[in-house]
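Read through the structure below, which is laid out as structure tokens, and then see the notes.
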Amino acid sequence: MIVIFKRLLPVLLVLTLLLSGRMGAEASPEITDARATAAYWTQRNPQGDTVLLTGEQVKAANEALRRRNDTLFELASVPESVSGAEVRQRIEKVQAIGDFDTAELPSLYKNGSALTAYSYAFARKNCNLDALPERAETRYGVVTRRANLRLLPEAAGWFESAGDVHYDTLQATALDPAEPVAVLGDSYDKKFSFVRTRFYDGWLAKEDFAETDRATWENFVHPADFAVITANKKTIGNGAGETLLFQMGATIPLAAGADGGKVLLMPVSDNGTLQIKRRPAAFDATLHEGFLPCTENNFVRQGFRFLGDEYGWGGLDDSVDCSSFVGDVYRSMGIELPRDADQQAKSMANVIDLSGMGEADRLAALESCVPGTLLANNTHVMMYLGQDDAGTPIVLQSMSSWFSFGSDYGKHYLRKVIASTATFLNFSGVPYINGVHYLGSLR
């Protein structure tokens, strides 16, 4: 009976939609009219450039976020050594994120073919758990090019279908150049290191970072003077013949130049040892000295800089997924959010739990929110813009796919950053707001 019922679910869903009047050909949720511009929203909010949090208040907000969410880490507090037991626990916790903490071979594909037992066993062996010392001396690294943080020390992607090239199950997140990391161990093949970052643990290829002393490293953790990438993405030469890709919110230490101007302190690897190249800092709309002011309108402006960008699972495809999109917007104003969608909204200072609410109460709760508020459930997060002229709540989001329930019934991959209503139909055929768990804002 259970199997038969599961097979009937799609039919029952279509019948339900027919009876509810929601059946019919569906279009993509993407909005392409004036509501898909920053100007539409900033002009409706004349007080939107009022500063919400000062620089000191931003620091206090980040401390509070770390207290509420243990995935956020103050790197400057890392001890000079860590017990091998703690490193093992952290490695195993990262393995468990992708369900790679058991010896059972997952049904995945590598390079277009089924993942072999040998490949899986070697990736787990490569975590090098048996070689962990009683205490691991902390080493200090700085990312030297945009890099992928992995759940296992494996560069090749593992996918759920043979033809997929986008949704790599090993991908944790992407790290920008100049990102500091605390190094806790090395892989069996010595090609990866296990690192802690400000918001994630994982495996980082040794070719993507360089090691240095703690004092130099701390200038990347908390630089006294710094530049912030304010474009959705920006390339800058590192002074050693390589062009580096940065994404919004990335910070680069600054120093005084010989001509009285500022120079960027660009990280370069010299056979794994950090070297600093000084590059002139050209401040403009893409590179700002210090964080942007934390305002409602800046949430809107920064969010729209990503409009139309490709959806990038875990930061792949040199882009953003839903949670890195909102994380980068917030970070351009100095706010450090957790990396994963299910943690972001509920870690905020002001949280509205929508559990048990009907659709009308959910929409009323959202109406009371300010631009920049996050709408999140266990798998997705969106950023609120406000209500349009018709009173419809509009959001920005990095959307992977959407569902239709008419003549084109099924799942459709959109894979880009869009503006949409908060009431587009989710996979169950009900307005998306009904599946949101939390609304979260700074205050």
Aspartates and glutamates near LYS191 by alpha-carbon distance under 18 Å, same-chain residues fewer than 8 away left out - which ones?
-> ASP130, GLU154, ASP201, GLU207, ASP208, GLU211, ASP270
Rounded to the nearest 500 deg cm²/dmol, what is the calculated helix-only ellipticity per residue at 222 nm for the chain, with -39500 (n - 2.57) per DSSP H run of length n ≥ 4?
-> -6500 deg cm²/dmol
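Heavy atoms only, probe 1.4 angstrom, no DNA, RNA or ligands counted: give me SER398, SER161, SER355 ranked by accessible area, highest first.
Descending accessible area places them as SER355, SER161, SER398.
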Given pairs LYS234/LYS416; LYS110/LYS411; LYS233/LYS346 and cut-off 20 Å on Cα-Cα distance, the over-length ones are LYS110/LYS411; LYS233/LYS346
Reported label for calculated Cα extents along the principal axes in Å given (i) 85, 57, 51; (ii) 74, 49, 40; (iii) 66, 57, 38 | (iii)
Roughly to the nearest percent, how much of the accessible area of region 168-230 is carbon and sulfur, given a 1.4 Å probe?
-> 49 percent
Per residue, how much accessible area does region 237-387 have with a 1.4 Å probe, in Å²?
-> 37 Å²
If you stretched the chain out fully between ARG67 and LYS125, how much longer would it get, using 0.36 nm times the residue separation minus the C-alpha to C-alpha distance?
-> 17.5 nm
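The values are calculated or read from the model by the stated rules, or taken from the named source; none is laboratory data. Note that the structure is predicted; figures quoted are calculated from it, not measured. What goes into the accessible areas is simple: the full protein's heavy atoms, side chains included, and nothing from ligands, DNA or RNA. Shrake-Rupley method; radii C 1.70, N 1.55, O 1.52, S 1.80 Å.
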